[in-house]
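Notes to accompany the following structure.
Since every read-out is calculated from the coordinates, none of them should be taken as a lab result. Note that this is a predicted model, so its numbers are computed, not measured. Don't worry about glycine lacking a Cβ; one is built from the backbone with ideal geometry, like all the others, and counts go over all protein chains shown.
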Ligand SMILES: [Zn+2]
């Protein structure tokens with residue numbers, strides 16, 4: 001099985017060595033449009049799940065820029081769903097996550113005075129200047145994920161790895177498991193000159209892992225009033241089923 005490439009590799013870098021023969025992969029927005037075009041013909045309504053799956057897939061290997069571009073892609077797919085729902089008037093749109101990750105945006109990484117400042121280029125609080133991303137074609141995605149002031153990503157859990165806090169033009173795993181020892185080691189090809197970030201995960205972990213914080217949930221349309229509080233995750237199913245006026249079988253009693 002082959003995954004779709006992530007947005008930066010598919011739409012920004014377009015490196016033939018990465019894409020190989022898959023040069024016409026759809027965006028999540030195009031897949032959302034296509035799914036709605038098919039499903040809107042259903043007389044009894046429909047349920048459509050749209051997942052920005054590579055946000056997670058890029059947070060595991062500590063790749064903030066690739067995760068962020070895929071967040072923008074999900075945001076634009078939600079925009080398409082909301083526009084469709086507004087035109088039809090009878091559709092509940094729910095947006096949530098199935099878990100959190102350990103990535104935080106801490107500030108910005110600034111290399112205007114020094115091309116390779118390592119952690120000294122990381123500005124926090126008032127020292128975090130505004131990033132210098134440019135969106136000259138107005139498509140909502142920065143033209144270049146690697147400007148001289150870019151977002152500074154921090155991770156609450158991680159393996160031993162090296163990080164120069166700058167976008168990696170080529171995707172690389174942060175750490176690799178040594179088959180002989182079963183222990184992970186920093187990937188020697190990713191940011192080889194950068195300082196070591198000493199891990200806090202067990203030695204066999206080569207990627208960061210999911211975290212347990214609550215996630216947000218947002219809803220609009222008929223039935224959205226059920227999403228107005230802190231919810232147990234099992235409630236989300238019933239709130240959506242009720243909005244669809246599904247008659248659920250009565251629960252079996254022991
Ligand atoms: Zn995951």
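Quick notes
- Pairs of Cα atoms farther than 18 Å apart, the range 202-254, %: 52 percent
- Coarse-grained scattering of the chain at q = 0.08, 0.09, 0.15 Å⁻¹, given as base-10 log I(q)/I(0) from a Debye sum over alpha-carbon atoms: -0.41, -0.52, -1.19
- Springs between Cα atoms under 10 Å define the GNM used for the chain, and in it the highest mean-square fluctuation of 179, 40, 59 occurs at 179.
- Separation in nanometres of the label points that stand 7 Å from Cα toward Cβ, at residue 113 and residue 196: 2.9 nm
- Against the rule of thumb 2.2 N^0.38 Å, how large the Cα Rg of the range 112-202 comes out: 1.27
- FRET efficiency for the residue 14 to residue 120 pair, using the beta carbon distance and R₀ = 35 Å, is estimated at 0.60.
- Multiplying the residue separation of residue 232 and residue 135 by 0.36 nm and subtracting their alpha-carbon distance yields 31.0 nm.
- Distances between every pair of Cα atoms in the range 156-242, grouped in 10 Å steps from 0 to the bin holding the largest one, split as 15, 31, 16, 18, 19, 2 percent.
- For the range 15-58: rounded, prolate or oblate by the Cα gyration tensor [a/c cutoff 1.5]: oblate
- The chain: relative contact order as a whole-number percent, Cα under 8 Å and 6+ apart: 18 percent
- Listed by Cβ neighbour count within 10 Å, with the fewest neighbours leading, 133, 125, 22, 153 appear as 125, 22, 133, 153.
- Taking N as the residue count of the range 11-118, its C-alpha radius of gyration divided by 2.2 N^0.38 Å amounts to 1.37.
- Orientation-averaged projection of the range 101-145 equals 4.5 nm² [convex hull of Cα atoms, one quarter of hull surface area].
- Fewest neighbouring Cβ atoms within 10 Å first, the residues 46, 130, 237, 227 line up as 130, 237, 46, 227.
- Cβ-to-Cβ counts within 10 Å put 27, 91, 211 in ascending order as 211, 27, 91, the fewest first.
- Each peptide in 140-147, 164-171, 241-248 receives the mean, over its residues, of other Cβ atoms within 10 Å, and ordering these scores from highest gives 164-171, 140-147, 241-248.
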